[in-house]
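One structure below.
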Amino acid sequence: MAIQQPETPYLQIIRRALWLLLALPLLAGCSKDEAEQPVLESSADEIVLRNTAGSEATFTVTATGPWMLSTTGGGFDISPAEGTRGETTLTVTATRENPDTRRRTLGRVSLRLSSGAAETGVEIVQSPAVARRTVLMYLPWSGPSQPLTEYFRQNIADMESIVAEGHLQDERLLVFFMPTAKQAELFEVYHDNGTSLRHELKTYDEVPAFTTSEGIASILEEVKQFAPAEKYAMTIGCHGMAWLPAHPETYPTATAAPRAGTAAPEKEYWEYAAPGKILTRWFGGSSSSYQTDIPTLARGISAAGMKMDYILFDDCYMSSIEVAFELRKVTDHLIGSTSEIMAYGFPYARMGHYMFGEVDYAGICNAFYDFYMSYQFPYGTIGVTVCSRLDALAAVMQRINEKHTFDTSQLGDLQQLDGYSPVRFFDLGDYVRHLCTDQGLLSQFEEQLELTVPSAYRKHTPEYYSMSYGGTAYPIRTFSGVTTSDPSTSPSTTAKRQTAWWKATHKAE
């Protein structure tokens, strides 16, 4: 029997080399087969042009070889009409405006590899002349002492990310932004090929008088002119102090300035701002020259002939029953914080998609809550008021006030939602539970409060934060999503008797 001799290292090398030479054609064949798989892909199935003639939109074609296109329909041009291997960006241009109140299909682009091995198509549609809804981000100047400009830029960028994801559909997003006290611009944010672009509508040579009803109305009228819509909505970003008057003359009984020799007025929370301190917001600037009274805002919206689906106050303390009641005729919903809101503001990148289409108010609240529970400063409160329910709530509140008087010795037991001393803003539900001892009447109030600020529309972190007195976090043990100043003994709230809410819920004095 023959004995097999072991392979020498030299023979092993020769055998492996022969095996590789035999395998190379097979491997090359596999790679060639894979490379020759025909591919023709478009970055979009549908291109939406804005309603104006000359508006453009782009998409990208990826192909493994030369390709060409053909079109059906009309009202648009497309370029280029052919391409080669790799990625090509195509531009679609509207050749006429769409005067209709609904979007219209202009035609279809059919793309085909020159070899005929692959094809795809893209629908071309055009937005209507009248949008389903126009949302305005209103960002006035926040004042020199505590400017929020960089936070506003972040808010805009976050909303632009929502537009890039394609959530606008037949809605439009406009931004009124004041980067300084003497500059203002109005621009539109729109979707294009998986990103968002800006279209400048107007730069102001003279800044509108944005603290007056006439100035606000002029801005809103331009919004209607540039982006007419079936419905409107509005976000307002700045600092805020609920219903308290920025201009004392708004309410004749507002507390006068202290006389010489008397105690100095209490510092406002923004006056505690300092390097390294947590920053929060307001409605208007940090001085009265940049602040807007709530009745002024209501008159401005009304004068522009608008009714908002919602007003979202990205400001401190604006989820207030006094604020909501004042605005009930110019908006269907009021979204805001009962307390100070961190300078970052609302997390639009997480919640912005809930603000378009069929507005999901519970979704907005949940996204807000989830964001602030994981934020570096975990403090946030939010409430949404259904304004059509406010008159019924006021009617119940009036009956309660006719029968009951609040025992001020219970002030310390109430859920406060600010950092002032004396407290300015208390939780509405908690206040009424301490005020009303008639269980039947209290039940009516609780039922109406649930309809007005539904439980699904109110969220809060375990604590809220206030910059006042150097910055403090306070616990939240009960929360109805809306505040009131009714029981406040703060001199700054003297004018509460002149608010529409007070007049609707108390007998004339």
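Every number in this text was worked out from the coordinates using simple rules, so none of it is lab data. All values derive from a computational prediction rather than experimental measurement. We place every Cβ from the backbone using ideal geometry, glycine too, and count neighbours over all the protein chains shown.
Quick notes on this structure:
- Three-way shape label, region 332-401, alpha-carbon gyration tensor, a/c 1.5: oblate
- Over all other residues within a Cβ to Cβ distance under 10 Å of Ala118, the charged ones net out to -1, with Lys and Arg as +1 and Asp and Glu as -1.
- Separation of region 67-86 from region 488-509 is 67 Å, based on Cα centroids.
- Between Asp391 and Ala456, the modelled labels are 2.6 nm apart [label points 7 Å from Cα along Cα→Cβ].
- Rg and Dmax, both from the Cα atoms of region 132-505 and both in Å, are 19.8, 66.
- Relative frequency of Cα-Cα separations exceeding 14 Å in region 77-152, percent: 75 percent
- With a cut-off of 9 Å between beta carbons, the residues surrounding Ser485 carry a summed charge of 0, where Lys and Arg count +1 and Asp and Glu -1.
- Applied to region 125-131, the Karplus parametrisation 6.51 cos²θ - 1.76 cosθ + 1.60 on θ = phi - 60° returns per-residue 3J(HN,Hα) values of 10, 10, 5, x, 5, 10, 5 Hz, with x for Gly and Pro.
- Only one residue of Tyr420, His404, Ala394 has its Cα farthest out toward the positive end of the dipole of region 375-428, where Lys and Arg carry +1 and Asp and Glu -1 on Cβ, and that residue is Ala394.
- 10 Å-binned pair-distance histogram of region 40-126 (Cα, whole percent): 19, 51, 24, 6, 0
- All other residues whose Cβ lies under 11 angstrom from that of Gly429 are scored, Lys and Arg at +1 and Asp and Glu at -1, for a net of -2.
- Exceeding the 20 Å Cα-Cα cut-off - candidates Lys307/Lys507; Lys329/Lys503; Lys182/Lys202; Lys403/Lys503; Lys403/Lys459: Lys307/Lys507; Lys403/Lys459
- Spatial separation of Cα centroids for region 147-205 and region 313-382, in angstrom: 19 Å
- Cα gyration tensor, region 439-509 - rounded (a/c under 1.5), prolate or oblate: oblate
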